[in-house]
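Below: one structure, written as structure tokens.
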């Protein structure tokens, strides 16, 4: 009975609590401009930034609480001290174009006065990408200029009828065409993957490796996929199936 009474009292008091007010837009916080266009920038040149200058047109000091962009590519720094009426402050927005080729437009929300107010600014531009070093996306060298994203493809313990597909990254880091041949040892006809891939000079692409389980094995199993590059053997790729006692495999 006492527990029921306590719950009823809590519900009674909580229903009478006022709802928290959402932040309101502060018109007296005036920027020199609210949108900055970086134009065309080069990814290889790294981060770019712009400093927005604002003026407090109101009658009370304004303090910036935080700057939010909700994106790891965009960050902001701001004046830490309250800005008195008639005085100016700054908000600096930095954009990181790494691995982000193409056009971008980012909204930045500036929270003010302990979150009671806010304003908004924007940055935009167009990133010209570049060809990254092959090892960034294809960390494993198999020999003769062949690189791939994984040296081991680990299939989890699949139930009969379940299937899974890996998308393996593959790259020719030479200046000549490349013919890559795969040989499964022992041959596994349920495992689906190409027998041969032709790559142009410096070409990077992907291929799929699929498996559909016909039974569930209690122990781990693996096969080696022998690889030839232009007729010459290089390092093999390993394909593993986990059993009931799965172990972590280095990728």
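The values are calculated or read from the model by the stated rules, or taken from the named source; none is laboratory data. All figures in this text were calculated on a predicted structure; none of them were measured in a lab. Note: ideal-geometry Cβ built from the backbone for every residue, glycine included; neighbour counts use all protein chains shown.
Below, the figures for the structure above:
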item	result
Qualifying residue in the stretch 212-233 (condition: under 25 Å from the mean Cα position of the chain (by Cα), without any contact (Cβ under 8 Å) to a residue 60 or more places away in the chain, within 18 Å of residue 152 (Cβ to Cβ) and assigned by TED's automatic domain parsing to the domain that holds residue 141)	no
Where residue 139 falls short, out of the listed (1) touching a residue at least 40 places away in the same chain (Cβ under 8 Å); (2) in the same structural domain as residue 181 (by TED's automatic domain parsing); (3) surrounded by fewer than 15 Cβ atoms within 10 Å (Cβ to Cβ)	(1)
Residues satisfying the stated conditions in the stretch 208-240, i.e. at pLDDT 95 or above and part of a loop (DSSP other than H, G, I, E, B)	230, 231
Criterion violated by residue 91 - all others in (1) at pLDDT below 95; (2) surrounded by 14 or more Cβ atoms within 10 Å (Cβ to Cβ) satisfied	(1)
Checklist (1) under 26 Å from residue 133 (Cα atoms); (2) surrounded by 17 or more Cβ atoms within 10 Å (Cβ to Cβ) applied to residue 158, failing item	(1)
Top-ranked residue in the stretch 104-134 [being within 30 Å of residue 173 (Cβ to Cβ) and part of a loop (DSSP other than H, G, I, E, B); ranked as modelled with the lowest pLDDT]	131
Hey, residue 164 touching a residue at least 40 places away in the same chain (Cβ under 8 Å), on the phi < 0 side of the Ramachandran plot and out of contact with any helix residue (DSSP H, G or I) (no Cβ under 7 Å at 6 or more places or on another chain) or not	yes
Conditions (1) in a loop (DSSP other than H, G, I, E, B); (2) free of Cβ contacts under 8 Å to residues at least 40 places away in the same chain; (3) under 32 Å from the mean Cα position of the chain (by Cα): number failed by residue 243	(2)
Counted residues, the stretch 160-181 - those being more than 31 Å from the chain's Cα centre (by Cα) and either in a loop (DSSP other than H, G, I, E, B) or within 24 Å of residue 217 (Cβ to Cβ) (or both)	4
Any chance residue 137 is modelled with pLDDT under 95 and either in contact with a helix residue (DSSP H, G or I) (Cβ under 8 Å, 6 or more places away or on another chain) or closer than 30 Å to residue 23 by Cβ (or both)	no
Scope the stretch 135-159; condition farther than 30 Å from residue 46 by Cβ and in a loop (DSSP other than H, G, I, E, B); matching residues	144, 151, 156, 157, 158, 159
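Yes/no matrix, rows are residues, columns are (1) modelled with pLDDT of 85 or more; (2) closer than 20 Å to residue 121 by Cα; (3) surrounded by 15 or more Cβ atoms within 10 Å (Cβ to Cβ):
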position	(1), (2), (3)
1	no, no, no
14	no, no, no
18	no, no, no
21	no, no, no
30	yes, yes, yes
39	yes, yes, no
42	yes, no, no
62	yes, yes, yes
83	yes, yes, yes
